[in-house]
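To start, the structure under review is shown below, and the notes come after it.
The values are calculated or read from the model by the stated rules, or taken from the named source; none is laboratory data. Since this is a predicted model, take the numbers as computed values, not measurements. For neighbour counting, all protein chains shown are included, and Cβ atoms are generated from backbone atoms with ideal geometry for every residue, glycine included. Please note that ligands, DNA and RNA were not included when accessible areas were found on the heavy atoms of the full protein model with its side chains. Shrake-Rupley method; radii C 1.70, N 1.55, O 1.52, S 1.80 Å.
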Amino acid sequence: MLPIVGLTVGFISTLIGLTTSAMYDGHSMLRVTPQTKRQEDHLRDLGKHQGVSFIGGDPLVGDHSHVIASPQVLDFVLESLKKFETEHLLTNPDVGRSIRSQKFRTRMNGDISWDAYYDLDSINQYLTVQSVGHPDLVTLTTIGKSFEGRDLLLFKINKGSTTKPIIWIDSNIHAREWISSAVGLYLIDQLLNSPDIEIQAYLDDFNFHVLPMANPDGFVFSHLTDRFWRKTRSNTSATAINGCRGVDPNRNFDAYWLENDGGSKDPCDLYFAGDAVFTEFECIAIAQYLDSIRANLIAYISLHSWGQNVLIPTGRDSTQIPEYNE
Ligand SMILES: [Zn+2]
């Protein structure tokens, strides 16, 4: 069975558009830890209130989760947590200020560093420069377009034979998870430029197909408008009615769709799984490409952020796959 791995990594030290930071000026971040199902259910209800949003994942009994509350609702949220005796900790009194302190650069010569975030044009320029610099190894191609018409750029590293086992890596399918594409680019950099012979040897054994920016529309929106935007930017059944846009692309594949609380049916929800499977251009492009390489595909690695977890199949429940011990 194909190993499918989701990696989550922590945010690195973090000047981006004033619009996106001003949106969160004075907003607080709280860490909440439900210990009972009643507390978990209460937190899920709380997350539906205007001005309250969960970051990173839904509340689960025994797990920390993180919630952002606007100044208008903070007292209400705190009172409510006390009422349900839910363990909580104020971890950030001004999220907008933290966003402004993120280190952000644009660099159009392809020469990026690993201590700052870059915009989409800088990332694409980096990929172009690296592909031009390694013509024998790299093919830079597109596997399709996003809803807003941006290219989905695939960076293929093939040393010698194109029939070797393929490792697929994608990142930033969730728009706000900027660190994930930074890690994707770093992996590319290491595979191409590391002096470490152990890393170089990977290229003898495997071909790497990397999609560093799986959700470019959402990524651009998270840079220019809302730092915590997670979804795509597509129109949904609700867009004309209430303006809610976008789908959680990681919930839109035709794989156990909406099973086991694996997404939301609410188009305004962060985890909206779509009006149907495969409504998102990005998901269709990824699935069609994976299908085209399935004979050689041996691993699927999807990079995310926030949770600091390694998630292995099946993901939808705790069933272990036959190769679990490997
Ligand atoms: Zn994610």
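Excluding same-chain neighbours fewer than eight residues apart, the lysines reachable from Lys83 by a Cα-Cα span under 28 Å are Lys37, Lys48.
For a straight C-alpha distance cut-off of 18 angstrom, the aspartates and glutamates reachable from Lys103 (same-chain residues fewer than eight places away being disregarded) are Asp25, Asp94, Asp111, Asp115, Asp119, Asp121, Glu177, Asp226. In the chain, taking the dipole from charged Cβ atoms about the Cα centre, the farthest positive-side position among Leu270, Ala69, Met23 is held by Met23.
To the nearest 20 debye, what charge dipole does region 26-93 have about its Cα centre, counting +1 at the Cβ of each Lys and Arg and -1 at the Cβ of each Asp and Glu? Please report the intermediate quantities before stating the final value.
Numbers: 7 positive and 9 negative charges, 9 e Å.
Dipole magnitude for region 26-93 comes out near 40 debye.
Dividing the helix sum by the residues of the chain, where each DSSP H run of 4 or more adds -39500 (n - 2.57), gives a mean residue ellipticity at 222 nm of -8500 deg cm²/dmol. Using the Cα coordinates of region 210-326, the gyration tensor eigenvalues translate into equivalent-ellipsoid semi-axes of 26, 17, 15 Å, sorted from longest to shortest.
Please state the charge dipole magnitude for region 34-73, taken about the Cα centre, from unit charges on C-beta atoms (+1 on K and R, -1 on D and E), reported in debye and rounded to the nearest 20.
On the way: 4 positive and 5 negative charges, 17 e Å.
Charge dipole, region 34-73, about its Cα centre: 80 debye, nearest 20.
For Lys156, a cut-off of 22 angstrom between C-alpha atoms picks up these lysines, skipping any fewer than 8 places away in its own chain: Lys145, Lys164.
I'd like the projected area of region 26-93, averaged over all directions, using the convex hull of its alpha carbons. Report it in nm² with one decimal.
Result: 3.8 nm².
Counting alpha carbon pairs within less than 8 Å and at least 6 residues apart, what relative contact order, in whole percent, applies to region 42-130? Relative contact order here is 16 percent.
To the nearest 10, the accessible area of Glu282 is 0 Å² with a 1.4 Å probe.
Name the residue farthest towards the positive end of the dipole of the chain from the options Asn325, Ile112, Cys244, assuming +1 on Cβ of Lys and Arg, -1 on Cβ of Asp and Glu, about the Cα centre. Checked the options; the winner is Cys244.
The charge dipole of the chain, taken about its Cα centre with unit charges on the Cβ atoms of Lys, Arg (+1), Asp and Glu (-1) only, comes to about 580 debye. Sorted largest first, the principal axis extents computed over the alpha-carbon atoms of the chain equal 64, 45, 42 Å. Note on the chain: dipole from Cβ charges, positive end direction compared against Phe208, Thr163, Ser305; the farthest Cα belongs to Ser305.
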